[in-house]
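Inspection log for the structure reproduced underneath, given as structure tokens.
We did not get these values from a lab; they are worked out from the coordinates using the rules stated. Since the structure is predicted, the reported quantities are computational estimates derived from the model, not experimental observations. Heads up, the Cβs are rebuilt from the backbone with ideal geometry, glycines too, and the neighbour counts pull from every protein chain shown.
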Amino acid sequence: MEELTREQKEKYAVLQDYLRSLKSVAVAFSSGVDSTFLLKVAKDTLGDQVIAVTAESCSFPKRELNEAIAFCKKEGIKHFVCESEELDIEGFAQNPKNRCYLCKHELFEKIQVIAKEQGMENIVEGSNTDDNGDYRPGLQAVAELDIKSPLRYAQMSKDDIRALSKYLNLPTWEKQSFACLSSRFVYGETITQKKLGMVDKAEQLLLDLGFHQVRVRIHGGDMETGDTTGIIARIEVEPKEFAKLMEPATREQIANALKSYGFTYVTLDLFGYRTGSMNATLK
């Protein structure tokens, strides 16, 4: 582990010891940076006493599901895909401030059923210490349902996880951060399958054009009916990629495509990409 700091090596050892103490685990697996690293270490540490569970829903892009399936096949990990249709959860579509709690609670209850059927003693998820400083209502569900958080237990930050992922030759070490598509909506604005599809297509376009870290936040429309008239796309990319986005051909391609997806207005957020920008409306 020459590329790692002494502290990162120590955290890695703590993580392995903690996973051994759990004996067998079901990993909530999204194919993101954190859960991929956690699943890999769990597999290396516990062998066959590990399963992965991924939720399939309209707020989870197909590309992420396909990556999850491919990773588990490559690593020889038993993988379960469960349906988790958030829009059917009472109150979820109204996008309350505890939306993430409602979703996570329902998801972890489904994982509990699978874990019990497969004889797994514990369920683990991939939050890290960076999640402690932001508004994360989903962590309430983690606490209530006794879901274990090994990365937080080992005091691992996002930077630690990326460094260790690189050491383990995981392709996700430099993967962009991702959050459920429902996080692109202003709290209180109605979430619909149509709007989720608009956001998904818009973000996929930006990724296909080579932008590394993207968010397309959605604003406007009728909160009661889900009408998309007058909807604004607020694009977030890293400031260093502003010039690329504003190249005439690229700018026109993005603007025209997003209008075809249903957005009336297409804008660039001058603050650039940042996690949890919708939480600003909570203040």
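Of note:
- Acute angle (nearest 10 degrees) that the helix 193-208 long axis makes with the longest principal axis of the chain, alpha-carbon atoms: 80 degrees
- Seen from I77, the other residues with C-beta closer than 12 Å to its C-beta sum to a net charge of +2, counting Lys and Arg as +1 and Asp and Glu as -1.
- Annotation for A243 and I114: the two label points, set 7 Å from Cα along the Cα-Cβ direction, are 4.5 nm apart.
- Between V81 and Q204, the contour length at 0.36 nm per residue exceeds the alpha carbon distance by 42.1 nm.
- Within straight-line cross-link reach of K240, lysines at Cα separation under 30 Å, skipping those fewer than 8 residues along the same chain: K62, K158, K166, K175, K195, K201, K259, K283
- Cα gyration tensor, segment 78-211 - rounded (a/c under 1.5), prolate or oblate: oblate
- Lysine pairs meeting the criterion (Cα under 21 Å, 8 or more apart or interchain), as found in segment 67-148: 7
- Taking every DSSP beta bridge that has both ends in the chain, the antiparallel portion is near 25%.
- J(HN,Hα) series, segment 56-65, from Karplus relation 6.51 cos²θ - 1.76 cosθ + 1.60, nearest Hz, glycine and proline x: 9, 7, 6, 9, 10, x, 4, 4, 5, 5
- Note on the chain: dipole from Cβ charges, positive end direction compared against L22, L87, G32; the farthest Cα belongs to G32.
- Pairwise label distance in nanometres, L168 with Y187, each label 7 Å out on the Cα-Cβ vector: 3.3 nm
- Distance between the modelled labels on S21 and A257, one decimal in nanometres: 4.7 nm (7 Å Cα→Cβ projection).
- FRET E, pair Q155, A179, Förster distance 22 Å, beta-carbon r, rounded to 0.05: 0.50
- Each Lys and Arg Cβ is given +1 and each Asp and Glu Cβ -1; about its Cα centre, segment 6-174 then shows a dipole of about 540 debye.
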